[in-house]
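Just so it is clear, none of the values below were taken in a lab; they were calculated from the coordinates. Note that the structure is a prediction, hence the values are computed from the model and not measured. Positions of Cβ are backbone-derived with ideal geometry, glycine not excepted, and every protein chain shown enters the neighbour counts.
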Amino acid sequence: MKKIAVLGTGYVGLVSGTCFAEIGNQVICCDIDEGKILRLQQGEIPIYEPGLEDMVKKNQQEKRLSFTSDIPKAIQESEIIYLAVGTPMSESGEADLSYVKAAAKTIGQQLNSYKIIVNKSTVPVGTGKLVKSIIKEHVQDSCVDFDVVSNPEFLREGSALEDCMNMERAVIGADNDQAGQIIADLHEPFHTTIFRTDIESAEMIKYAANAFLATKISFINDIANICERVGADVTHVAEGMGMDSRIGSKFLQAGIGYGGSCFPKDTQALVHIAQEVGYDLKLVQSVIQTNEQQKYAVVHKAKEIMGDVNGKTIAVLGLAFKPNTDDIRYAPSLTVIPELIKAGANVKAFDPIAIPATQQEFSMKLSQEQQQNIAYSTDLYGVLEGSDACLILTEWQEVLQLDLEQAKSKLKVPLIIDGRNCFSLEMMLEKGFTYHSIGRPAVD
Ligand code: NAD
């Protein structure tokens, strides 16, 4: 059993802190956002993640998991301090390290005994050293020692708990072998493959992995765009490609591009990391460009099929960047909906849980008048009622299980433009829809 403080109680900090408690450690999750901590102390989970609420409550009740905004105390009382603060994209595209630096300063000021500081945030190569130097600069008692370890996080929102409890691998980068071993031992109950390396390589693994996955997505989206022009079906192409074990079938689903809090910012950050050392990372730049274009695919299709969307009502299914999360960071919906609104359409948007976050985002991004052209609802069929078209942006279970007969009876025109290839072409033909998807022949 270890005493662990987790600095940053967001998607990563809350999930990994809870999982560390679940395997028997004493965990204090801290955050500078006092409102968030207050809600957690009262048993309210500020994010949506399947299974999280139950696991948090269980570990709170069993007194292994607690929440505090008294960060100094949490640091002083812990042996291991995990950094899980945000590293958002700055305006220039590089990772904004201000939260990491601030957290490192606090750790330095509160360091009262030997501790291992473990970085779980996604950070540019060299940040481990930077954290070390900031802590050293602020430490009061120069006799107190510490080590910095890199342990990047690979969980996926929407299945974060499952990913954490059954992690495929734990990457542990350390300069001090003993500190690395302590963190490796901490992961023992997860029965995972431990990959030990140096700090710089661990930091790089995270960016390289995300950039590679993003590349797979943009690659298949490019292929999808060609398929549409030559009459091939990208789902068949991807299936045939994926049978080659060197390629694999995962991350070959064509669609309207990746979003979320990681791929967009991590690809940009990697391009920036390369620039810093004088390397022009053309491949990843193209991946980013393809992804940006791809978000507009459903809007282009809508305009092409409907002619003018001005004055039309369009049902948009899905706001979150993927199913099972309320996270809308860099979600395609944030590009698609403003485009439709600017073209004069009225939008009726469905999402089971991401409506409050979207409303907040649009209150900052869109004018009052533009916002009034968006109606939100968690009632899927209500959104379809009287709409001139339906655009699918997120493949929520409710959307995949759409009762097509009912949907057809609600829509003014049986037109579905599907950015996630949710339905088979045969089925849409049989049900009498005009159906346009990504990289597949249109059904008319
Ligand atoms: P988040 O924005 O959800 O949470 C970050 C939290 O850190 C916020 O609650 C914020 O208030 C808090 N914070 C900021 N400064 C602090 C400080 N000095 N002390 C204590 N708390 C502080 O971010 P996230 O999605 O959990 O991501 C965290 C890191 O993990 C990022 O680097 C991200 O790239 C990486 N990551 C995220 C995911 C994901 O799916 N979200 C997956 C893998 C890795």
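Tabulated values for the structure
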read-out	value
For segment 3-197, projected area of the alpha-carbon convex hull averaged over all directions, nm²	10.4 nm²
Theoretical ellipticity at 222 nm over the chain - DSSP helices of four or more residues, -39500 (n - 2.57) apiece, nearest 500	-13500 deg cm²/dmol
Label-point gap, in nm, between TYR114 and GLU276 - each point 7 angstrom along Cα→Cβ	3.1 nm
Cα-based shape type of segment 1-58, given that a ≥ b ≥ c are square roots of the gyration tensor eigenvalues and the cut on a/c is 1.5	oblate
Nearest-ten-degree value, helix 127-138 long axis tilted from longest Cα axis of the chain	40 degrees
Rough spin-label spacing in nm, given labels placed 7 Å along Cα→Cβ, for SER90 and LYS105	1.5 nm
Relative compactness, the chain, computed as alpha-carbon Rg over 2.2 N^0.38 Å	1.05
Geometric extent, Cα atoms of segment 295-436 - Rg, Dmax (angstrom)	13.8, 43
Förster radius 35 Å - calculated FRET efficiency between SER133 and THR378, Cβ distance, rounded to 0.05	0.10
Gap separating the Cα centres of segment 157-228 and segment 374-444, nearest whole Å	35 Å
Angle in degrees between helix 199-230 and the longest Cα principal axis of the chain, rounded to the nearest 10	10 degrees
Residues in segment 396-413 that a label on GLU430 would reach, taking backbone N under 13 Å of a point 7 Å out along Cα→Cβ	404-405
Long-range HN-HN contacts of LEU65 with modeled amide H, under 5 Å	VAL27, GLN60
Efficiency of FRET from Cβ geometry, ASP177 and VAL144, R₀ 25 Å, rounded to 0.05	0.80
Amide proton proximity set for ASN346, modelled H, under 5 Å, gap of 5+	GLY311, LYS312, THR313, ILE314
In degrees, nearest ten, helix 333-342 long axis to first principal axis of the chain (Cα)	40 degrees
Protection-proxy order for peptides 213-223, 67-77, each taking the mean of Cβ atoms within 10 Å per residue, highest first	213-223, 67-77
Inter-site label distance for LYS303 and ARG246 at 7 Å from Cα along Cβ, in nm	4.1 nm
Sites GLN368 and GLN401, calculated FRET efficiency, Cβ-Cβ separation with R0 45 Å, nearest 0.05	0.80
